[in-house]
Amino acid sequence: MSARSFRRTRTAVACALVVAAATGLTACTGLTPGGQAKAAPDAPVSTKIPADKVTLTVISSENAGTTKALAKAFEAAHPQVKIDFQYTAPDDYDKSLNLKLSSDSAPDLALLNKLGTTVKAGLLRNLDPYVEAYDWKATYPSAQLDQWQARDDGQEIGVGHQWAAPAGFSVVGVYYNKTLAAKLGIKPPANRTEFEAALAKAKAAGQLPVQLGNLQGHASFIVQSIIDSSDGPGYTSAWVHGKPGSSLLSRGGMDGARTLASWAKSGYLPSGANGNDLPASVAEFTKGKGLFLFNGSWDAQVIEKAMPGKAGFFAFPGYDGKATGIGTSVAYAIPAKAKNPDVAAAFLDFMNSPEAAKIQFATGFLPVAHADTVKAADGHVMNDVAKGWKAVNDNNGLVNFFANSTPTMNDTLTSTSQQLIAGRITPEAYLDALQEDWTKGHK
């Protein structure tokens, strides 16, 4: 899924969500280069917030209200701090970000859609000293922080320095129709074997096992969930992040590709899957057409409204029962030219507090930490989403979207999955195409 789709899914997050229009998560385009800004040298940092009045400038393309609500709570706890939140629509934001970061009036915090050229151009402050000062490695699962780490050249992700910290997540898992599952005597699968058995049982009963809209490549949710669980989140994260030598020509890769082809051939997927988009598949699912639906937490409210109390959610289980999840975050960086970096870091640290968890959850995101403390109304599917999110984090099983691995991967995932479902290419050819795109994108 492409970050473009995820971004269109809910104008709430830059490069991540615009609920009415969209679909998934695509890789964001590269940021327009701005002037070089010499990166601030490592210097002593402080976790103490000054007693004097200070204004913290935050620029963002997130308009779900999450950052504003977090800012209000932080201001209440620290009355001497005023947060000036400045919103810009996603497309304009991306185009102007580097220029804003390199200016003498650079903000104190900036939302990032991806690391892009910001690191290589020296526009961001290395957050490693704050990671140590606030002990973020003890607060965040490493899979959360890894998505915002890179070497100084900005190429390989997941290694090197910390350049941003997350402020709220979305995750892909499996929704299920509780009424249909109960009728078939199916419980949420605890492992992959049970999941496959549930599919066969639904098909034998004349029910559609898996609802899917693949017009924009959302079959990648299915394939990636299987590969992540089969090869392990560390293995596939290395591939998404561009680690040299990484490959999907693996046991898990073949498992994912062959499974998608097999499900299509066995009638486990809708016959018109390639002609429907994600919103259409969600609509079909809420009408009772499909036992399972691979989709993100961003559609939980839509599903709950259409079938209140009748939808459940679980993180995709591997053969060993360990949960993995596809997802990424809203994340903020401290510009190299920020005037109040210590206060900015304190605000970032607040974003992984119990109070922040409740705010993130209430505004439609999964909390950075303390997922076990948040709760929606009884029976609401978001409670299951929160449990699934906790299971993913307990296993350190979060993996960024395959579509974010190269600028062209979303298009490749879309075209090849449509051909695979239609039986026009083999699983081997499907994987070869993905790996070829990856290789070209990481030269």
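The values are calculated or read from the model by the stated rules, or taken from the named source; none is laboratory data. Note that this is a predicted model, so its numbers are computed, not measured. Neighbour counts run over all protein chains shown; Cβ positions are idealised from the backbone, glycine included.
So, of the residues in the stretch 199-244 that are on the phi > 0 side of the Ramachandran plot and modelled with pLDDT of 95 or more, which turns out to be surrounded by the most Cβ atoms within 10 Å (Cβ to Cβ)?
Result: GLY217.
From THR286, THR259, grab the single residue that is of a type in the set (Val, Ile, Thr) and within 16 Å of ALA311 (Cα to Cα).
Result of the check over THR286, THR259: THR286.
Given the condition buried (at least 23 other Cβ atoms within 10 Å of the Cβ), modelled with pLDDT of 95 or more and either aromatic (Phe, Trp, Tyr) or part of a strand (DSSP E or B) (or both), answer yes or no: does some residue in the stretch 340-356 qualify?
Yes, the stretch 340-356 has at least one match.
State the number of residues belonging to the stretch 304-316 that are within 20 Å of the chain's Cα centre (by Cα) and either buried (at least 24 other Cβ atoms within 10 Å of the Cβ) or assigned to a loop (DSSP other than H, G, I, E, B) (or both).
Within the stretch 304-316, residues that are within 20 Å of the chain's Cα centre (by Cα) and either buried (at least 24 other Cβ atoms within 10 Å of the Cβ) or assigned to a loop (DSSP other than H, G, I, E, B) (or both) number 3.
Taking the stated definitions as given, is ASP372 assigned to a helix (DSSP H, G or I), free of Cβ contacts under 8 Å to residues at least 60 places away in the same chain and outside the structural domain of GLY296 (by TED's automatic domain parsing)?
The answer is yes for ASP372.
For the stretch 402-412, which positions are within 15 Å of the chain's Cα centre (by Cα) and modelled with pLDDT of 95 or more?
PHE402
Say whether the condition of being in contact with a strand residue (DSSP E or B) (Cβ under 9 Å, 6 or more places away or on another chain) and farther than 24 Å from GLU196 by Cβ is met by at least one residue in the stretch 284-292.
Yes: the stretch 284-292 contains one or more residues that are in contact with a strand residue (DSSP E or B) (Cβ under 9 Å, 6 or more places away or on another chain) and farther than 24 Å from GLU196 by Cβ.
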